[in-house]
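Inspection log for the structure reproduced underneath, given as C-alpha cells.
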Amino acid sequence: MSFDAIATTLSSVFLLLGAFLSLAAGVGILRFPDAIARMHASTKPQIMGLIFILLAIALHERRLSTILLLATLLVFQMMTAPISAHMIGRAGYRTGVIAPGSLLVDELDDAIEQANADQTQDDHVQNDQSAHAQASDDQRAEGQSHDATGQRPPVDTG
C-alpha cells in the first residue's frame with residue numbers, strides 16, 4: 001500500500017470522526033438542559049472535531065502553506081472557544097438559567113456580591129461629590145451676584 005493510499009484513508013477516517021464530533025456538539029447544544037452543560041457541549045467535542053477535520057485536510061493537501069493556515073485556524077479557535085464558553089457561563093449564571101445542581105462550588109456568587117457592594121459604595125461617593133460640587137457652584141453663583149459692598153446690584157428692568 002502506498003503512502004498516498006494510507007494518507008487518503010486516514011484523511012477519510014479523520015474527516016468522518018471530525019464530522020461526528022461536530023454533530024455531537026450540535027446535538028448537545030440543542031439537547032442539554034442548562035447553560036453549563038451546553039457550554040461543555042459547545043467547546044469540547046467541537047474543538048476535537050475541528051482538530052480531526054483540519055488533520056484530514058492537512059493529510060489530503062500535504063502542502064506547507066495549507067498546513068500553516070490550518071494551524072493558524074486551530075490556534076485561533078482554541079484561543080476563542082474557552083473565552084466564548086466563559087462568557088456563556090457568566091451570562092447564564094447572571095440570568096439564572098443555570099440549574100442549581102450544576103454547580104458544586106459557587107465562587108462567582110461571592111465575587112458578584114463584592115462587586116455590587118463596591119458599586120453601591122462608589123455610587124454613594126459619587127452622589128456625595130455631586131452634591132458638594134452643586135453646593136459649591138451655588139455658592140459661587142451667589143458670590144458673583146453681589147457687588148464689592150456685599151449687596152446685590154440693582155436689576156435693570158428697562
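The values are calculated or read from the model by the stated rules, or taken from the named source; none is laboratory data. Worth saying up front: this structure is predicted, and the values here are computed from it rather than measured. Neighbour counts run over all protein chains shown; Cβ positions are idealised from the backbone, glycine included.
Within the stretch 1-12, take every residue that is exposed (fewer than 14 other Cβ atoms within 10 Å of the Cβ) and hydrophobic (A, V, I, L, M, F, W, C) and give me the one that is nearest to GLY96 (Cα to Cα).
Selected residue: ILE6.
Give all pairs with beta carbons closer than 6 Å in which a residue from the stretch 71-90 that is within 17 Å of PHE52 (Cα to Cα) meets a residue that is surrounded by 12 or more Cβ atoms within 10 Å (Cβ to Cβ); count only pairs at least 6 apart in sequence or on separate chains.
Once the first residue is within 17 Å of PHE52 (Cα to Cα) and sits in the stretch 71-90, its partners that are surrounded by 12 or more Cβ atoms within 10 Å (Cβ to Cβ) give LEU74/LEU54; GLN77/LEU50; ALA81/THR43; ALA81/ILE47.
For the structure I just gave you, tell me whether LEU17 is over 30 Å from ASP110 (Cα atoms), without any contact (Cβ under 8 Å) to a residue 24 or more places away in the chain, among the hydrophobic types (A, V, I, L, M, F, W, C) and part of a helix (DSSP H, G or I).
No, not satisfied.
Mind telling me which of the residues LEU15, LEU68 ends up being of a type outside the set (Gly, Ala, Ser), farther than 30 Å from THR95 by Cβ, surrounded by fewer than 13 Cβ atoms within 10 Å (Cβ to Cβ) and out of contact with any Pro (no Cβ under 7 Å at 6 or more places or on another chain)?
The unique qualifying residue is LEU68.
Listed residues THR120, THR80; which is closer than 30 Å to LEU16 by Cα, part of a helix (DSSP H, G or I) and at pLDDT 80 or above?
Selected residue: THR80, the only one of THR120, THR80 that is closer than 30 Å to LEU16 by Cα, part of a helix (DSSP H, G or I) and at pLDDT 80 or above.
Restricting the first residue to the stretch 28-41 and requiring it to be surrounded by 15 or more Cβ atoms within 10 Å (Cβ to Cβ), which pairs with a second residue that is of a type in the set (Phe, Trp, Tyr) meet a Cβ separation below 8 Å and a spacing of at least six or different chains?
Pairs found: ALA35/TYR93; ARG38/PHE32; HIS40/PHE32; ALA41/PHE32.
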